C-alpha cells in the first residue's frame, strides 16, 4: 500500500496538509494576489479547468454567480487527484498550499486579465468560505474551508456519472465590487480557449 511520503510533487507538496504561513501571506496582500478582485479569483479557478481540458483534449466549465455572492465553478475534468495513504483518502492540497509551478515565479504565466497566475490557494485564502468537491472514477469527496483553513474533514460523497471538480466560494466582502460582477462581466474577461468552453450564468 502506498504512502504519501513517497509521492512525487508535481504541482503541490503532498506532505503538507495546510500551509498557514502561505495563506496568511496572501491574505495580507489582496491587491497583489487578486488584482481586479472577484474576476481574478474566477480566472484562477478556471485555469485549473483549462489544464484538465488541455490534458483530455477538450472540456467544459460552468460559472454560476449566486445572488448571495457565492460563486460556483464546475468542470468536466478528471477530478482533483485523490489517493490512499495507508488506506486513508488524501486529496492533493491544492486549496491550502502553494502551487509550486506558479507562486514564486519571477516571469509568471498570465491569466486572461493580464495578471499573474498564482494558484487555487489565492482563491481559498481570499474567500470567507470555500467548498471543494471532486468526483473521480474511483470515488468522490468534499471538504469546506474558511480562508483556506479546513473546517471539515475530507468526506466521501455520493459519486455521479461524470468526473470533475466543483469549487464554491464566497469571496471576502472587501473584494466584491458594488455592484457585484455580472455574467456579462465574466464573459468579457474570459478569452477563447482552444480546449475549454465556458458557460456563465
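All of 76, 80 fail the test of being at pLDDT 95 or above, under 16 Å from residue 121 (Cα atoms), crowded, with 20+ Cβ neighbours inside 10 Å and in contact with a strand residue (DSSP E or B) (Cβ under 9 Å, 6 or more places away or on another chain), apart from 80.
Just to be sure before I move on: is residue 133 buried (at least 19 other Cβ atoms within 10 Å of the Cβ), touching a residue at least 12 places away in the same chain (Cβ under 8 Å) and outside any loop (DSSP other than H, G, I, E, B) in the structure I sent? Spelling it out, residue 133 is indeed buried (at least 19 other Cβ atoms within 10 Å of the Cβ), touching a residue at least 12 places away in the same chain (Cβ under 8 Å) and outside any loop (DSSP other than H, G, I, E, B).
Of the residues making up the range 20-40, not a single one is assigned to a strand (DSSP E or B) and either in contact (Cβ under 8 Å) with a residue 24 or more places away in the chain or crowded, with 23+ Cβ neighbours inside 10 Å (or both). Residue 59 meets the stated requirement of being buried (at least 16 other Cβ atoms within 10 Å of the Cβ), modelled with pLDDT of 95 or more and more than 13 Å from the chain's Cα centre (by Cα). Restricting attention to the range 164-179, the residues that are surrounded by 15 or more Cβ atoms within 10 Å (Cβ to Cβ) and in contact with a strand residue (DSSP E or B) (Cβ under 8 Å, 6 or more places away or on another chain) add up to 9. The single residue among 113, 99, 85 that is over 15 Å from residue 40 (Cα atoms), out of contact with any strand residue (DSSP E or B) (no Cβ under 6 Å at 6 or more places or on another chain) and surrounded by fewer than 17 Cβ atoms within 10 Å (Cβ to Cβ) turns out to be 85. Among the conditions (1) over 16 Å from residue 49 (Cα atoms); (2) assigned to a loop (DSSP other than H, G, I, E, B), the only one that residue 145 does not satisfy is (2).
The values are calculated or read from the model by the stated rules, or taken from the named source; none is laboratory data. Remember, it's a predicted structure, so these values are computed and weren't measured experimentally. Ideal geometry is used to build each Cβ from the backbone, glycine not excepted, and the neighbour counts take in all protein chains shown.
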